[in-house]
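A.B. asks: The structure under discussion is supplied below as structure tokens; questions concerning it will follow.
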Amino acid sequence: MKPSIIVHGGAWDIPEGLAESNVKGCEHAAHKGFEELEGGASALDAVVESVAAMEDNPTFNAGVGAVLNRSGMVELDAIVMDGASLRYGAVAAIQSTRNPIKVARTILDERNYSLLVAEGALKHADEHGFSRCSAEDLLVGRELEDYREFQRTGRIRTRLHFSGEADTVGACAIDQEGHVACATSTGGIPRKHLGRVGDSPIIGCGGYADDRAGAASATGWGEQIASVILAKTALDLQGQLSDPTAACREAVSILSERVDGLGGVIMVGIDGRVGLYHNTPRMAFAFIEGMSGSTGAGISL
């Protein structure tokens with residue numbers, strides 16, 4: 001099997017001033033994951049490396065650069081899923097962590113739990129040798145300025161978030177053995193309620209991977225995405241349509257029609273083809289499709 005990978009940097013109204021950094025960040029993440037795949041690494045390891053690269057990039061709302069909640073804290077969510085075993089690992093509302101996707105990866109290997117939240121997730125990270133960081137280590141100037149504006153005005157407009165703020169990151173891949181995996185990571189919506197968890201770390205919602213169907217990663221308005229189980233819905237449609245782009249389009253159509261949701265989804269099929277679709281103004285992406293030899297990166301309108 002010739003490997004493929006696709007990544008996204010979030011579905012939202014990316015302003016022109018941030019377009020280049022979003023595209024370059026996605027390109028870097030896709031190439032980093034693809035290098036792993038070409039070297040014989042598993043799809044699981046490749047998507048973790050791709051998403052970790054975006055968590056380390058202050059351009060994105062994941063890890064460094066994540067948004068503050070209304071209490072002035074950074075709480076992060078992430079999931080990783082292996083399509084061969086159908087095992088997953090996830091963290092929610094974890095603080096003081098640079099790379100929540102790597103913590104989620106260690107949880108995937110556990111047998112007594114798959115999702116840990118808040119202090120439980122942080123304790124697991126401590127036990128597995130992850131160094132804690134301060135909230136200040138994760139902040140960038142843009143986010144701190146936005147939080148101060150919230151403190152002055154007290155305005156929270158959830159729907160408008162997806163027309164003007166950074167969003168979730170994710171990756172999907174298929175490796176040389178034909179196994180698929182997905183990974184998704186986010187800081188959530190700006191000024192979210194303390195402890196709020198969206199779709200990203202919930203299996204089937206923010207991500208899903210199955211060697212019999214493919215892998216998908218979702219991004220957008222978490223509550224609405226969870227209502228239609230977007231990632232799993234997209235993969236179910238892929239089984240019917242056999243076209244990743246068409247399946248993503250139909251899944252987002254369901255999101256819009258049933259719950260008036262905003263978001264997007266990326267996918268890699270079991271034949272190595274990739275696809276994406278969104279109903280937000282823009283979505284940053286990059287992909288390398290091994291079977292066709294095609295590559296791409298940009299802002300999808």
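A.B. asks: If you find the alpha carbon centre of segment 57-123 and of segment 214-272, how far apart are they in angstrom?
C.D. replies: For segment 57-123 versus segment 214-272, the Cα centre distance is 22 Å.
A.B. asks: Given contacts defined as C-alpha pairs under 8 Å and at least six residues apart, what's the relative contact order of segment 4-300, whole-number percent?
C.D. replies: Across segment 4-300, relative contact order equals 25 percent.
A.B. asks: A further question on this structure: R0 = 41 Å: FRET efficiency of Arg258 with His193, Cβ-based, nearest 0.05?
C.D. replies: 0.95
A.B. asks: Between Tyr277, Tyr113, Tyr208, which gets the highest mean-square fluctuation from a Gaussian network model of the chain, Cα cutoff 10 Å?
C.D. replies: Maximum fluctuation in the GNM of the chain, among the listed residues, is at Tyr113.
A.B. asks: Between Asp45, Asp126, Asp199, where does the largest GNM mean-square fluctuation fall for the chain, given springs only between Cα atoms within less than 10 Å?
C.D. replies: Asp126
A.B. asks: Turning to a different aspect of this structure: GNM, the chain, Cα, under 10 Å: largest mean-square fluctuation among Leu194, Leu44, Leu230?
C.D. replies: Leu194
A.B. asks: Right, next: Can you sort Lys123, Lys232 so the residue with the fewest Cβ neighbours within 10 Å comes first?
C.D. replies: Lys123, Lys232
A.B. asks: Fewest Cβ neighbours within 10 Å first, please rank Arg105, Arg98 accordingly.
C.D. replies: Arg98, Arg105
A.B. asks: What full-extension length gain, to one decimal in nm, is calculated for Glu127 and Asp271 as 0.36 nm per residue of separation minus the Cα-Cα distance?
C.D. replies: Fully extending the segment from Glu127 to Asp271 adds 48.0 nm.
A.B. asks: Please work out the FRET efficiency for the pair Glu145 and Arg111, using the Cβ-Cβ distance as r and a Förster radius of 35 Å; give the result to the nearest 0.05.
C.D. replies: According to the calculation, E is roughly 0.20.
A.B. asks: What full-extension length gain, to one decimal in nm, is calculated for Thr295 and Arg152 as 0.36 nm per residue of separation minus the Cα-Cα distance?
C.D. replies: Value of the extension gain: 47.0 nm.
A.B. asks: From a point 7 Å beyond the Cα of Arg70 in the direction of its Cβ, which residues of segment 231-261 have a backbone N at a distance under 16 Å?
C.D. replies: none
A.B. asks: Here is a further query. Mean Kyte-Doolittle of at least 0.5 plus a Cα span of 15 Å or more along the axis: flag which DSSP H helices in the chain meet both, please.
C.D. replies: 43-55
A.B. asks: Would you mind classifying segment 32-151 by shape? Square roots of the alpha carbon gyration tensor eigenvalues, ordered a ≥ b ≥ c; an a/c under 1.5 is rounded, otherwise it is prolate if a/b is larger than b/c and oblate if not.
C.D. replies: In terms of gyration-tensor shape, oblate.
A.B. asks: Under unit Cβ charges (Lys, Arg +1; Asp, Glu -1), what dipole magnitude, rounded to 20 debye, does segment 4-300 have relative to its Cα centre?
C.D. replies: 920 debye
A.B. asks: Still on this structure, please answer the following. Specify whether the C-alpha gyration tensor of segment 191-262 places it in the rounded, prolate or oblate class, a ≥ b ≥ c being the square roots of the eigenvalues: rounded for a/c under 1.5, otherwise prolate if a/b is larger than b/c and oblate if not.
C.D. replies: oblate
A.B. asks: Sum -39500 (n - 2.57) across every DSSP H segment of at least 4 residues in the chain, then divide by the residue count to get the 222 nm mean residue ellipticity, nearest 500.
C.D. replies: -11000 deg cm²/dmol
A.B. asks: Under 15 Å from the Cα of Lys24, which aspartates and glutamates turn up, not counting those fewer than eight places away in the same chain?
C.D. replies: Glu16, Glu55, Asp56
A.B. asks: Which FRET efficiency value, to the nearest 0.05, do you get for Ala246 and Lys24 by plugging their Cβ-Cβ distance into 1/(1 + (r/R0)^6) with R0 = 41 Å?
C.D. replies: Efficiency, from the Cβ-Cβ distance: 0.90.
A.B. asks: Stretched out fully, how many nm does the piece from Glu177 to Glu35 gain, at 0.36 nm a residue minus the Cα gap?
C.D. replies: 49.6 nm
Every number in this text was worked out from the coordinates using simple rules, so none of it is lab data. Keep in mind the model is a prediction, meaning the values are calculated, not measured. Please note: Cβ atoms are built from the backbone with ideal geometry, for glycine as well, and neighbour counts cover all protein chains shown.
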